[in-house]
Amino acid sequence: MIDIRRLAFIGGGNMAAALIGGLIRQGLPSGRIVVADSSAEQLERLVRTYRVLRAADNASAAAGAEAVILAVKPQQMRPVCLALKPRVEEAKPLVISVAAGIPHAALARWFGPHIPIVRTMPNRPALNGFGATGLYAPPGVGAAGRALAESIMAAVSATVWVEHESQMDTVTAVSGSGPAYFFLFMEALEAAAHERGLPREVAHRLTLETAFGAAQMARQSADSLATLREQVTSKGGTTAAALEVLNGAGLRAIVAHAVAAADRRSAELAAEFGGP
Ligand SMILES: NC(=O)c1ccc[n+]([C@@H]2O[C@H](COP(=O)([O-])OP(=O)(O)OC[C@H]3O[C@@H](n4cnc5c(N)ncnc54)[C@H](OP(=O)(O)O)[C@@H]3O)[C@@H](O)[C@H]2O)c1
């Protein structure tokens, strides 16, 4: 169970709601969570659903908080952080950013160098409780701060730490953008099944259950993905015939190129968002 007296959310949108729901399910009392959001309607919805505390504004949410989660859109991060700076300097909470593409250096510039800041990169499935989150913190953030950030993100996702911040671009390219790659592959599989005569709903169901089943098999097994693939591929069989086509078309190289393109784009966007 997460042990924190007061956890503040700045921004109470989709990601904040997912985290709040996950934390409460894990036993964090809702009265220890305080939320500020510029949309009164959004805030009302959160208070009604989760019985969290309502803050009049961002600064009062952060007052006395042990940790502050920044959950506004990336474009809003700079003004929000600069306005919060005096309160954060006073209370020195652990600051956790979930904003895509905002570099740690930008956050440190906005809050000052002595504030412990953890940058995280969750993904869209986190909203359904099945996310994957990359976390980065510089050496100055102690073990307790790291553990707290990790346990908060773990309420809705698997968590992995990266050692170098540049690796967050790769995290973005893999787990951030990754759901779309799998959707594309599933779309193609579903379309192929339909073209070969299966009704659309049947094609859809088979595709979804197969993707889910394969992911579950891989999650539950200690074997590598290559071993699992070999285990389900008999020599001269149907799977082998299909894999020969996929390999022959250069699927691995295509995926490597695609991930490299997303990685590059993530670095470009970080440079754009993280300006002074
Ligand atoms: N959703 C995802 O799948 C996902 C995945 C990875 C990372 N993230 C990151 O999570 C962060 C939040 O995303 P989201 O999807 O939760 O966005 P969202 O639903 O738009 O939530 C942001 C909330 O912040 C409010 N807000 C705007 N300006 C504010 C201010 N100055 N002070 C306080 N609150 C303010 C917004 O109100 P208004 O609507 O009135 O503007 C909105 O309710 C983003 O930085 C994003 O990069 C999201």
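Can you tell me how the range 195-262 classifies by the Cα gyration tensor, rounded, prolate or oblate, using a/c under 1.5 as the rounded cut? Since a/c stays below 1.5, the shape of the range 195-262 is classed as rounded.
With the Cα gyration tensor of the range 79-141 giving a ≥ b ≥ c as the square roots of its eigenvalues, does the rule (a/c under 1.5 for rounded; else a/b larger than b/c for prolate; else oblate) give rounded, prolate or oblate? Prolate, because a/c is 1.5 or more and a/b exceeds b/c. With N set to the number of residues, divide the alpha-carbon radius of gyration of the range 15-56 by 2.2 N^0.38 Å and report two decimals. That works out to 1.04 for the range 15-56.
Taking only alpha carbon atoms, the range 1-154 gives an Rg to Rh ratio of 0.92, where Rh is the Kirkwood radius. Packing-based ranking of 58-65, 36-43, 137-144, 228-235 yields 58-65, 36-43, 137-144, 228-235, ordered from highest to lowest mean Cβ neighbour count within 10 Å.
For the chain, the per residue solvent-accessible surface stands at 55 Å², with DNA, RNA and ligands left out and a 1.4 Å probe. When all alpha carbon pairs of the chain are counted in 10 Å bins from zero, the resulting P(r) reads 6, 25, 30, 19, 13, 5, 1 %. Rounded to whole Å, give me the distance from the Cα center of the range 191-236 to that of the range 47-70. Here the two parts' Cα centres lie 44 Å apart.
For the range 234-276, the spread of Cα coordinates along the three principal axes comes to 59, 14, 9 Å, biggest extent given first. Quotient of the Cα radius of gyration of the range 173-229 and 2.2 N^0.38 Å, N being its number of residues: 1.28. Shape annotation for the range 144-276: C-alpha extents along the principal axes are 56, 31, 30 Å, from largest to smallest.
For Gly13, the shell of other residues with beta-carbons less than 14 Å away shows a net charge of 0, using +1 for Lys and Arg and -1 for Asp and Glu.
Taken over the Cα atoms of the range 11-89, the convex hull encloses 84 Å³ per residue. If the chain linking Leu184 and Ile254 were pulled fully straight, counting 0.36 nm for each residue of separation and taking away their Cα-Cα distance, it would gain 23.9 nm.
The share of accessible area on the range 180-276 that comes from carbon and sulfur is 65 percent, using a 1.4 angstrom probe.
Working from label points 7 Å from Cα in the Cα-to-Cβ sense, the Ala105 to Asn128 distance is 3.7 nm. Treating r as the C-beta distance of Glu89 and Ala241 and R0 as 51 Å, the FRET efficiency rounds to 0.20.
The values are calculated or read from the model by the stated rules, or taken from the named source; none is laboratory data. Everything quoted here is computed from the prediction, not taken from an experiment. In this analysis, Cβ positions are derived from the backbone assuming ideal geometry, glycine residues included, and neighbour counts consider all displayed protein chains. Calculation scope for accessible area: heavy atoms of the full protein, side chains included, ligands and nucleic acids excluded. Shrake-Rupley method; radii C 1.70, N 1.55, O 1.52, S 1.80 Å.
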